[in-house]
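Inspection log for the structure reproduced underneath, given as structure tokens.
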Amino acid sequence: MTKKNQTLGEFIIENQTSFQYSTGELSKLINAIRLAAKVVNHEVSKAGLVDILGAAGDTNIQGEDQQKLDVLANEKFIQALTNREIVCGIASEEEDEFISINSNDKNHQNKYVVLIDPLDGSSNIDVNVSVGTIFSIYRRVTPIGTPVQLEDFLQPGRNQVAAGYIIYGTSTMIVYSTGDGVNGFTLNPAIGSYYLSNPDIKIPEDGKIYSVNEGHYVHFHQGVKDYIKYCQKEEGDRPYTSRYIGSLASDFHRNMIKGGIYMYPKSSKQEEGKLRLLYECNPMAFLAEQAGGKASDGYMPILDIQPKELHQRVPFFCGSKNMVDKVEEFIQKAN
Ligand code: AHG
Ligand code: MN
Ligand code: MN
Ligand code: MN
């Protein structure tokens, strides 16, 4: 039962027993994420006042220049999860390899792994535009009591037990699902609690917003170019509106509430696309499906892709079901 204005703490306790594997471990894990999000939120909101803007001076495994806040958010989330000894492993966009957590007293007794994009929308940090965090949770597939292995992280998105994101925006929100619909909570900064503000979110089946970095248009493949032209054509309820922030979490959130499609296609410059399957696409695809929407790589559901490596990239089309159906139709026709 979801009650508007319930706090996230109350919601977690109330819904704990409805979760099929519930032992309280997943609830503790979500609790740790919401606490880390408060810390990161506090840091993000100070950006500009203290010396945490700009490049950190290193390049991550993705080949991107790490921003100071990328590094800080990564540290805070890893700390929150390891200190509480509630997961057996973590994989992060900012870490080359997965981290195996061997809590001394528990000896690999925890059953969940977390995959995380600690700070999404890095390029927006310096200009005070919304950034976010995206997370994804799986049950390990290797035996409890042994160190985690790569295969615990390389599971199809369909196996996720929970996923969500946090937006550090006009207000701070956490939106997540444990496989029983999607709920959104807004932080009241005066009190320090998140309140249920968006119960049981559903993506409208049709939308009027398309979100894509059109600067890459000339490098897109024909099917995607054709779909963009379709969005712009004056016919029926078109042309659609174009909205692109450049922060996946925020772009996804807007489209989920209002109806729309988010696209990060592959191109002649980025043959695999840009977004990371494990840290970005799978969690968003899980939320999209839970909210009645759809996520595809142009040919198949994102959630059915068998990952081959931690930092794998995939083309991504996600949002209102009928819009994703349409772009798939254009892509497959152009082949
Ligand atoms: P991150 O900041 O975690 O590396 O993710 C950036 C991603 C995503 O948030 C965003 O939608 C996309 O990259 C923007 O890419 P372009 O600047 O190429 O449009
Ligand atoms: Mn990055
Ligand atoms: Mn990201
Ligand atoms: Mn990131």
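In table form, for the structure just shown:
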{"item": "Test for Tyr165: is it away from ligand 4 (no atom under 16 Å from the Cβ) and surrounded by 22 or more Cβ atoms within 10 Å (Cβ to Cβ)", "result": "no"}
{"item": "Count - residues of the stretch 23-81 that are without any contact (Cβ under 8 Å) to a residue 24 or more places away in the chain and more than 16 Å from ligand 4 (Cβ to nearest atom)", "result": "10"}
{"item": "Qualifying residue in the stretch 317-335 (condition: surrounded by fewer than 21 Cβ atoms within 10 Å (Cβ to Cβ), over 24 Å from Thr178 (Cα atoms) and modelled with pLDDT under 95)", "result": "yes"}
{"item": "Total residues in the stretch 222-253, condition surrounded by fewer than 23 Cβ atoms within 10 Å (Cβ to Cβ) and free of Cβ contacts under 8 Å to residues at least 60 places away in the same chain", "result": "17"}
{"item": "Members of the stretch 209-221 found to be in a loop (DSSP other than H, G, I, E, B) and surrounded by 16 or more Cβ atoms within 10 Å (Cβ to Cβ), listed by number", "result": "Val212, His221"}
{"item": "Subset of the stretch 306-335 [assigned to a helix (DSSP H, G or I), in contact with an Asp or Glu (Cβ under 6 Å, 6 or more places away or on another chain) and either among the aliphatic types (A, V, I, L, M) or free of Cβ contacts under 8 Å to residues at least 12 places away in the same chain (or both)]", "result": "none"}
{"item": "Criterion: more than 10 Å from ligand 1 (Cβ to nearest atom), touching a residue at least 60 places away in the same chain (Cβ under 8 Å) and more than 30 Å from Gly145 (Cβ to Cβ) - qualifying residue of Val129, Val114", "result": "Val129"}
{"item": "Within the stretch 256-269, tally of residues that are surrounded by fewer than 22 Cβ atoms within 10 Å (Cβ to Cβ) and in a helix (DSSP H, G or I)", "result": "2"}
{"item": "Scan of the stretch 270-305 for residues that are within 16 Å of ligand 1 (Cβ to nearest atom), assigned to a strand (DSSP E or B) and either assigned by the TED database to the domain that holds Tyr176 or of a type in the set (Lys, Arg) (or both), ordered by number", "result": "Arg276"}
{"item": "Residue identified as outside any strand (DSSP E or B), outside the structural domain of Val314 (by the TED database) and among the β-branched types (Val, Ile, Thr) among Thr133, Thr146", "result": "Thr146"}
{"item": "Subset tally (residues that are more than 11 Å from ligand 2 (Cβ to nearest atom) and either more than 16 Å from the chain's Cα centre (by Cα) or within 16 Å of Ser171 (Cα to Cα) (or both)) for the stretch 126-136", "result": "7"}
{"item": "The stretch 310-322, residues that are closer than 27 Å to Gly215 by Cβ and not aromatic (Phe, Trp, Tyr)", "result": "His311, Gln312, Arg313, Val314, Pro315, Cys318, Gly319, Ser320, Asn322"}
{"item": "Checking Glu234 against (1) out of contact with any Gly (no Cβ under 8 Å at 6 or more places or on another chain); (2) under 29 Å from Asp117 (Cα atoms), the condition it does not meet", "result": "(2)"}
{"item": "Within the stretch 247-292, considering residues that are farther than 18 Å from Asp304 by Cα and of a type in the set (S, T, N, Q), the one nearest to ligand 3 (Cβ to nearest atom)", "result": "Ser247"}
{"item": "Lone unmet requirement of (1) of a type in the set (A, V, I, L, M); (2) buried (at least 18 other Cβ atoms within 10 Å of the Cβ); (3) more than 23 Å from the chain's Cα centre (by Cα); (4) in the same structural domain as Val131 (by the TED database) for Leu196", "result": "(3)"}
{"item": "Candidate set: the stretch 272-309, residues that are hydrophobic (A, V, I, L, M, F, W, C) and within 16 Å of ligand 2 (Cβ to nearest atom); chosen: the one farthest from Val212 (Cα to Cα)", "result": "Leu278"}
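The values are calculated or read from the model by the stated rules, or taken from the named source; none is laboratory data. These figures come from a predicted structure and were not determined experimentally. Positions of Cβ are backbone-derived with ideal geometry, glycine not excepted, and every protein chain shown enters the neighbour counts.
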